[in-house]
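Student: Take this structure, written in C-alpha cells, and hold onto it; I'll ask about it next.
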Amino acid sequence: MSMTLRGYAAFSAQQPLGPFAFERRALRDDDVAIDILYCGVCHSDLHHARNHWGRATYPMVPGHEIIGRVVEAGPSVTRFRAGDAVGVGCMVDSCGRCAACGEGLEQYCENHATYTYNGIDLRDGTTTYGGYSERIVVAQDFVLRVPPRLDLAGAAPLLCAGITTWSPLRHWQVGAGSKVAVVGLGGLGHMALKFAKALGADVTLFSRSADKEADARRLGADRIILSTDAAHMKANAGRFDLIVDTVPYAHDVNPYVPVLATGGTLVVVGYLGPLDPMLNSAPLVMNRKAVAGSLIGGIAETQEMLDFCAEHGIAADIELIRIQDIERAFARMAESDVKYRFVIDMASLKDVA
Ligand code: NAP
Ligand code: ZN
C-alpha cells in the first residue's frame, strides 16, 4: 500500500519551501523503504528549487544526499534488511542495459538515469520526490551501504558532494605526487580538498575568499591562491595536473588554463552552461591542455568512496539544521557562506503541522 508522508517542497521558483504531504509508492519486489535521518543541502537543490536550469516541475521535494535506516524490504531484496544504515544519492534508477550501465557508469546511462527528485520514474512514469522528507522507497541496486564507522550526519554529503569530487580525482588518477587544485570552497570544494589530500596529492585551493585560508589548510590544502590576485596566479603558471572547478555560476575559466601543466586538465563539476567569457582554445592547443566535465559517479564507485571514507576517517564538515531553517540555509549558500555543508536533521519534520 502506498503511504502519505510529510516533506518540504518548493511550490514555484519564487516561493519559499514549505510543508508538503505526498504519497510514496508501495514497495516493488526489489525496493527497500528507508526512514530518512539526515539529508544534505546541495547547491543543486537551490538551482532546482529556483528553476535556474529551467527544468523544474512543482511541487518539488529536493534532497539527494540521503542517509537513513531500512525499515522494510521487498521480497526479492537480498542485500539489505530492516535496521541497516544506508545512503541514497542523486540517482534512483537507470536502464541497466546500455553500455554505460554495463560499465557501472549509471550516471551516463544512454537512456537517462532517473534522478532522485524532479525526475520521472522509468517504470511507472511518476515524478520522483527527494530526501527533504521522512521516508523514501528505492530499488536496492541504487542503495548504498554506510560502513559502521561513519558518522551518519557527516556521511550524508558524501552521497553527492563526496562522489562528485571523488570521481574526477579517480578518473584522472590522482595519487602521491599529483598536483591538484580546487576552485571554490563550499560543499564540493571541501570534500575535494579532503580527498585529494588523502590520495597523497599536493593540494591548492583557489578561492575569492581570503578568510577561508585557515579552514582550507585544516581541510587539506597546502596553500591557497586568491583567484582575484593576478600576480599570484601568474607565479603559479604551469603547476597543476588537475583542477577541479566547483563554481556554481557562469565564470571566467581562461585564467586557470595558464596554471595547468602541459597535458593538464581542468574539470568543471560546478557550472552547467555556456562559459562567459568564452573559452580561448589557443592555450589549450599549444600545451595539450583540456577542459572537461564530470557528473556525480556510478553506484559501485560511490560505494568505493564510502568505504574509503570509513577507512580514512573522512566525513563532511557540517552544520546541522532543522527543515524549518532551509530558506536561511539557501540564502547563506547563495552568499558562499557555507561551513561546509548544511545537513537537515529530519527529526525536525515531526514538528511540522
Ligand atoms: P556551494 O557549497 O555553494 O560552494 C560553491 C563555492 O563556489 C562557494 O563557496 C564559493 O567559494 C564559490 N563561488 C560561489 N559563487 C561563485 C562565483 N559567482 N564565482 C566564483 N566562485 C564562486 O556549492 P556546492 O554544493 O559545492 O555546489 C557547487 C556546484 O556544483 C553547484 O552549481 C552544483 O549544482 C554543482 N554540482 C554538480 C554536480 C555534478 O555532478 N557535476 C554534483 C553536485 C553539485 P569561494 O568563497 O571559495 O570562492
Ligand atoms: Zn548535489
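Student: On the basis of being assigned to a helix (DSSP H, G or I) and either β-branched (Val, Ile, Thr) or touching a His at 6+ places or on another chain (Cβ under 8 Å) (or both), does THR204 make the cut? Quick ask: steps written out before the conclusion?
Tutor: Working: assigned to a helix (DSSP H, G or I): no; either β-branched (Val, Ile, Thr) or touching a His at 6+ places or on another chain (Cβ under 8 Å) (or both): yes.
When the stated conditions are applied, THR204 does not pass them.
Student: Here's something else I'd like to know. More than 16 Å from ligand 1 (Cβ to nearest atom) and assigned to a strand (DSSP E or B) - does that describe any residue in segment 78-87?
Tutor: Let us first name the residues in segment 78-87 that are more than 16 Å from ligand 1 (Cβ to nearest atom), namely 78-86.
Add one more test, that the residue is assigned to a strand (DSSP E or B), and what stays is 85-86.
For segment 78-87, residues more than 16 Å from ligand 1 (Cβ to nearest atom) and assigned to a strand (DSSP E or B): present.
Student: Go through segment 147-167 and give me each residue that's buried (at least 24 other Cβ atoms within 10 Å of the Cβ) and not polar (S, T, N, Q).
Tutor: Hits for segment 147-167 are ALA155, ALA156, PRO157, LEU158, LEU159, CYS160, ALA161, GLY162, ILE163, TRP166.
Student: One residue is enough: does segment 302-310 have a residue meeting the conditions more than 15 Å from GLY40 (Cα to Cα), at pLDDT 95 or above and in a loop (DSSP other than H, G, I, E, B)? Steps first, please.
Tutor: Our first condition is that a residue be more than 15 Å from GLY40 (Cα to Cα); within segment 302-310, this holds for 302-310.
Then keep just the ones that are at pLDDT 95 or above; that gives 302-310.
So of that shortlist, the ones also in a loop (DSSP other than H, G, I, E, B) come out as none.
Taking every residue of segment 302-310 in turn, none turns out to be more than 15 Å from GLY40 (Cα to Cα), at pLDDT 95 or above and in a loop (DSSP other than H, G, I, E, B).
Student: Scan segment 212-230 and report the pairs whose first residue is in the same structural domain as SER178 (by TED's automatic domain parsing) and whose second residue is part of a strand (DSSP E or B) and of a type in the set (D, E, K, R), with Cβ atoms within less than 7 Å and a gap of 6+ or a chain change.
Tutor: That search, which allows pairs on different chains as well, returns ASP222/ASP202.
Student: Working carefully through the options PRO248, PRO258, PRO274, find the one that is of a type outside the set (Val, Ile, Thr), open to solvent by 50 Å² or more (accessible area, probe 1.4 Å) and within 18 Å of SER44 (Cα to Cα). Outline the logic, then answer.
Tutor: Details: PRO248 fails: open to solvent by 50 Å² or more (accessible area, probe 1.4 Å); PRO258 fails: within 18 Å of SER44 (Cα to Cα).
Being of a type outside the set (Val, Ile, Thr), open to solvent by 50 Å² or more (accessible area, probe 1.4 Å) and within 18 Å of SER44 (Cα to Cα) holds for just one of PRO248, PRO258, PRO274, which is PRO274.
Student: Something else: Quick one: how many residues across segment 114-136 are outside any strand (DSSP E or B) and under 20 Å from VAL86 (Cα atoms)?
Tutor: Taking segment 114-136 first, the residues outside any strand (DSSP E or B) are 116-119, 121-126, 128-132, 134.
Still in the running and under 20 Å from VAL86 (Cα atoms): 116-117, 128-132, 134.
Looking only at that region, the number is 8.
Student: While we're looking at this one, here's another question. Looking at segment 175-185, which of its residues are surrounded by 24 or more Cβ atoms within 10 Å (Cβ to Cβ) and either in a loop (DSSP other than H, G, I, E, B) or not assigned by TED's automatic domain parsing to the domain that holds VAL244 (or both)?
Tutor: GLY184, LEU185
Student: Follow-up. Can you tell me which residue within segment 112-132, out of those that are farther than 16 Å from ALA26 by Cα and of a type in the set (Ser, Thr, Tyr), is surrounded by the most Cβ atoms within 10 Å (Cβ to Cβ)?
Tutor: Going through the qualifying residues, I end up with TYR132.
Student: If you don't mind, another one. Could you please give the count of residues in segment 32-45 that are within 12 Å of ligand 2 (Cβ to nearest atom), open to solvent by 10 Å² or more (accessible area, probe 1.4 Å) and out of contact with any Pro (no Cβ under 7 Å at 6 or more places or on another chain)? Walk me through it before giving the result.
Tutor: Looking only at segment 32-45, we keep the residues that are within 12 Å of ligand 2 (Cβ to nearest atom), and these are 39-45.
Then keep just the ones that are open to solvent by 10 Å² or more (accessible area, probe 1.4 Å); that gives 43-44.
Filter once more, keeping what is out of contact with any Pro (no Cβ under 7 Å at 6 or more places or on another chain): 44.
Matching residues across segment 32-45 total 1.
The values are calculated or read from the model by the stated rules, or taken from the named source; none is laboratory data. Everything numeric here is computed off the predicted structure, so don't read it as measured data. Heads up, the Cβs are rebuilt from the backbone with ideal geometry, glycines too, and the neighbour counts pull from every protein chain shown. Only protein heavy atoms, including side chains, enter the accessible area calculation; ligands, DNA and RNA are left aside. Shrake-Rupley method; radii C 1.70, N 1.55, O 1.52, S 1.80 Å.
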